[in-house]
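Below: the structure, in structure tokens.
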Amino acid sequence: MNKRMIGLLAISTALLVTTACSSGGSGGSGKKIEISFTDVAPSPEREKFFNEIIADFEKENTNIKVNLETVPWDQAFAKLTTQGQSKTLPDVVNVYPAWLTTFVPAGFLEPISTQYDEWDKKDNLTAFVKNVTIEQQQREPFKDVYLIPDAFMGGALFIRTDWMKEANLELPKTWDELFNVAEKLTDPAKNRYGFSYRGARAGFDQILAYIFSVTKGESYEADGTSVLLRPEALTAFKRYTDIYKKGWAPKDSINWGYQEMVQGFTSGVTGILAQTTEVVATAKASMKDGTWTVIPSPTAVDGNTYAGAGASWGYSISKNSKNKEAAWKFIEFLSKPENNNKYSKVMTMIPIMQDSLKDPELGQGPMKGFIDMLNDPKLIPPADYGKFPELGEFRESFMDAEVQKYLLGAQSAEDTLKHLGDFLTKAQQKFMKDHPDIPVPHAANYKGK
């Protein structure tokens, strides 16, 4: 082979190497990496957003392809648990924060503490994200970070102002006033009921919101005994469920979940709805301006509000993922301020970044009330149920089944609270014995801002 041929061969080889190294846009080897991403709350709006954001991500990272998968919300926990057990979880998955108590001990998720600590957007996160979602709800019990929240859904009250005006009633500020208004707005002859009662899935969460107002946000005694076994918790349970028992809510609301209770409010059947930010868009689209508004959650007797935002879902990486670096890169992209801001607007939620809260579009109208409540110095986020693995069973089947037995007259309120309290006490005390270094869940003012 002559010198010229050798030279041409060397140049060609160099060009091939250079091309291979430069392909992929993000420094890859030229080999296309595929990662799967599962959304657990599919809707046309969410699917449209995620398809658009995935397309933008793939333009910047041409060596990574993201495959979007969805699973209906009511089936999500069971399906993801099965996938976790069979090591077939998607690379990136939407995880409901309460599921961490099942998924982390089972080893389904990859710790992302190092990625979080080195993340250049970490300091732009809101106080609630940093102090509550990351530190209090993850590092404190699990010693690691497993989830980056997508956005927040603060709780508040949606009120039919036109009904209030007709009845000459003031907007309720306290729990006592709320119960009074619910009764006064009820008029079965007009097919009007004071309250959108949630009797089916996650209905006990709404009851617990009132119980927290008398336990000052606490869920356990120091020894791990559930506060549901306190006499005042039983009194609060009876008072809240009286909304249904006394007919201030439609009879079929014993079967209402999220969709039904929202529909009850927006269609003109109920006058009060305790729900989250995502309902704002639905109300705007289906109700006349001036007929409704959003007000803060009721205050307790001590003047504090025991409520707060909660991450709607969060992005996690599965332990079995073979492309964890690409998975984190996708989570980073989803969480960029401009992308998170767009997501929050589409889903009508509260963004996770401080800069996004300065957006005039988010600071006006109904959303302003949610954001202002987060910065209220008298807002105290309640303690959670705990971190024990049995929490999935409690939330997904046990708690609401027990409450329905009471609503249907199949068991007493005393037995209902005892069953619920005993379940939580047994699970929490076992967890404390096995994990003596993890503190009992507690309510704490995170000081907002």
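The values are calculated or read from the model by the stated rules, or taken from the named source; none is laboratory data. Source: prediction; values computed, not measured. With ideal geometry, Cβ positions are generated from the backbone for all residues, glycine too; neighbour counts draw on all protein chains shown.
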Which of the residues that make up the stretch 56-111 are small (Gly, Ala, Ser) and either farther than 18 Å from PRO42 by Cα or touching a Cys at 6+ places or on another chain (Cβ under 6 Å) (or both)?
-> GLY84, SER86, ALA98, ALA106, GLY107
Restricting attention to the stretch 24-34, does a residue exist that is out of contact with any Ser or Thr (no Cβ under 7 Å at 6 or more places or on another chain) and modelled with pLDDT of 90 or more?
-> yes
Taking interchain pairs and intrachain pairs at least six residues apart, which have beta carbon atoms under 6 angstrom, with the first residue in the stretch 94-121 and under 19 Å from ALA383 (Cα atoms) and in contact (Cβ under 8 Å) with a residue 24 or more places away in the chain and the second in a loop (DSSP other than H, G, I, E, B) and of a type in the set (Lys, Arg)?
-> THR101/LYS387
Among the candidates THR277, THR282, THR291, THR266, residue that is of a type in the set (Val, Ile, Thr) and under 23 Å from LEU208 (Cα atoms) = THR277
For the stretch 306-328, which residues satisfy the criterion of being closer than 21 Å to GLY84 by Cβ and assigned to a loop (DSSP other than H, G, I, E, B)?
-> SER312, TRP313, LYS319, ASN320, SER321, LYS322, ASN323
For residues in the stretch 160-213 being surrounded by fewer than 18 Cβ atoms within 10 Å (Cβ to Cβ) and among the hydroxyl-bearing types (Ser, Thr, Tyr), which is farthest from LEU420 (Cα to Cα)?
-> THR161
If you check ILE254, ILE272, which single one turns out to be surrounded by fewer than 18 Cβ atoms within 10 Å (Cβ to Cβ), among the β-branched types (Val, Ile, Thr) and modelled with pLDDT of 95 or more?
-> ILE254
Among the residues of the stretch 117-132, is there at least one that is assigned to a strand (DSSP E or B) and β-branched (Val, Ile, Thr)?
-> no
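Quick grid of which residues meet (1) closer than 18 Å to LYS324 by Cα; (2) crowded, with 20+ Cβ neighbours inside 10 Å:
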position	(1), (2)
ASN51	no, no
THR62	yes, no
GLN75	no, no
PRO90	yes, yes
TYR96	no, yes
VAL104	yes, yes
LYS122	no, no
LEU125	no, yes
GLU135	no, no
